[in-house]
1. Loop-only check: which chymotrypsin sites (Phe, Trp or Tyr not before Pro) in the stretch A:55-152 are DSSP coil with at most 15 other Cβ within 10 angstrom?
2. Determine, for B:42, B:86, B:69, the number of other Cβ atoms within 10 Å of each Cβ, and report the residues in order from fewest to most.
3. For the stretch A:199-259 and the stretch A:82-142, what is the centre-to-centre distance using only Cα atoms, to the nearest Å?
4. Which Cα, out of A:80, A:124, A:110, lies furthest along the positive dipole direction of the stretch A:24-137 (beta carbon charges, K/R +1, D/E -1)?
5. Which of A:325, A:45, B:58 sits farthest toward the positive end of the charge dipole of the protein assembly as shown, with +1 on the Cβ of Lys and Arg and -1 on the Cβ of Asp and Glu?
6. Below 21 Å, Cα to Cα, which lysines can residue A:320 reach? Residues fewer than 8 away in the same chain don't count.
7. Within the stretch B:51-154, list the trypsin sites (Lys or Arg not before Pro) lying in a DSSP loop whose Cβ has at most 15 other Cβ atoms in a 10 Å radius.
8. May I ask what percent, to the nearest 5, of DSSP beta bridges between residues of chain A are antiparallel?
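Every read-out reported here was derived from the displayed coordinates using simple, explicitly stated rules and does not represent laboratory data. Quantities reported herein were computed from a predicted structural model and do not represent experimental measurements. Heads up, the Cβs are rebuilt from the backbone with ideal geometry, glycines too, and the neighbour counts pull from every protein chain shown.
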Amino acid sequence: MRKTYYLFNPGRLARKDNTLQYTAYDEDGLPGQVKYLPVEDVADLYVFGSLDANSSLYNFLGKQGISVHFFDYYEHYTGSFMAKEYLLAGKLQVQQTQHYISKPKRMALARKFVEGSAFNLLKNLRYYQGRGRDVAVYIDQIEGYVAALPHAAAVPELMGLEGNIRQTYYAGFDRLVPGDYSFGTRTTQPPQNELNALMSFGNMLCYAACLSQIYHTQLNPTISFLHEPGTRRFSLALDLAEVFKPLLVDRLIFRVLNKKEIQPKDFVQDLGRCVLKEPARKTVVRVFEERLKETIQHRSLKRSVSYQHLIKLECYKLTKHLMQLEEYKPFKAWW
Amino acid sequence: MRIITATHVKYYHVCHRKLWLFDRDLWMEHTSEAVQGGELLHQTAYPQRAERYREISLGGSKIDFYDPHRRVVHEIKSSQKLEESHVAQLKYYLWLLEEAGVEGPTAILEYPKQRQTLHVSLTADDRTAIQQWLTGIRQLQAEEAPCPPTINKPFCRQCSYYDFCYVGE
């Protein structure tokens, strides 16, 4: 099983014969410890620190089908190096485009993504309701929005409902995390408080995880349905991430805050922007990785599958929908 | 007309749905550990294999080991479970060679792990059967052909399309 490697420290990654050599730089910027990453073991690389590399490395990574995702100092996802497309399917591409162009077809899919997302985030609220946190009012309100989903006539309307659902959900968040934190309003670019910073960072990891899985299928990551396909943006990953964020990101936030794995001192406020300090970033990444590897017993496949594999399965379901084999039903946590 | 390869012939004997998907470029092999294992076996099973064997391309199909002097095709497989489809694949190779003007080619199917081999040759009946296979494959390749349903066989569990076919909701 190939693994995701996260590079936090500044250093140099190079091709060394037929494998990867990582040289960490010390505080003075001088080459220090040398490590080898066996190339067969690498699924993709997430680069947070400052990385030196040359084109021979990227040629090598390209041939091995390894993508590299980059994040800036403020933990924003800035872009990816994607190996040449190795799975092309013309017929699927045509179908994917048609499902975008045709308004009813696009709406059908876009609605499914919002439905899946709402189901999974309600699942989170209900779980905590069952454990004595009073979030009933938010559940009711969100259910009201969900009931309106079938009547939405256009994608902007769906996006509006999705926004309302999320806004209500965030209001409920405050009751699920320790009293030191309050969501206030969702702020991005830049996130202004701790919860927002955590959520932005988590969402980015989720988005990149979805992109990595899409890459190993024949789907085109730029043609999306709920989000508007944007140039230079892999917006299909945003669609899929909608469904998985409540499970992969939100639960992670509850966990790290409630278990005090991350504390108020792990954040820095800087010019109206809130960012995670590096040790906290590592904690989030570690917990996120644990979550991706965690397995559940799949109902229809009758074997255990990891959360990461669930994302791939979602790609298969989407492919089947686009090829008109079987209608897409969004992933809904069943446990 | 779309190309027909030996893989099409093999899948035609395993599962029509798999053939339909494969023909539309929906490949899953890249995710399959079984396929990687097969490739490894292929590279390592016969280290002493003589140099006279050649890799040849014929009508879109690739024959990995062909001995042009004795006119023998070798094919390595890891398990005898789907033997019928392996034999069909080899018969298709032999048919292709005959079409290309080679007289009386034969084939050996090799299961190195089981230490078994099987000799395959082409009969008149086979030649008729191959025409029927090709017709069947072309029907599945047709633009309007719907995707065949899942077959729910025990060997589905080992197929690289298993998750795709049975993921459900």
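1. On the way: sites: A:58, A:60, A:70, A:71, A:73, A:74, A:77, A:81, A:86, A:100, A:113, A:119, A:127, A:128, A:138, A:145; in loops: A:73, A:74, A:86.
In loop regions of the stretch A:55-152 (DSSP not H, G, I, E or B), the sparsely surrounded chymotrypsin sites (Phe, Trp or Tyr not before Pro) are A:73, A:86.
2. Working: B:42 16, B:86 23, B:69 6.
Going from sparsest to densest Cβ surroundings: B:69, B:42, B:86.
3. 11
4. Farthest along the dipole direction, towards plus: A:110.
5. Selected residue: A:325.
6. Those lysines meeting the cut-off are A:91, A:103, A:105, A:112, A:302, A:312, A:329, A:332, B:18, B:153.
7. B:52, B:70, B:71, B:113, B:115
8. Beta bridges within chain A, antiparallel portion: roughly 65 percent.
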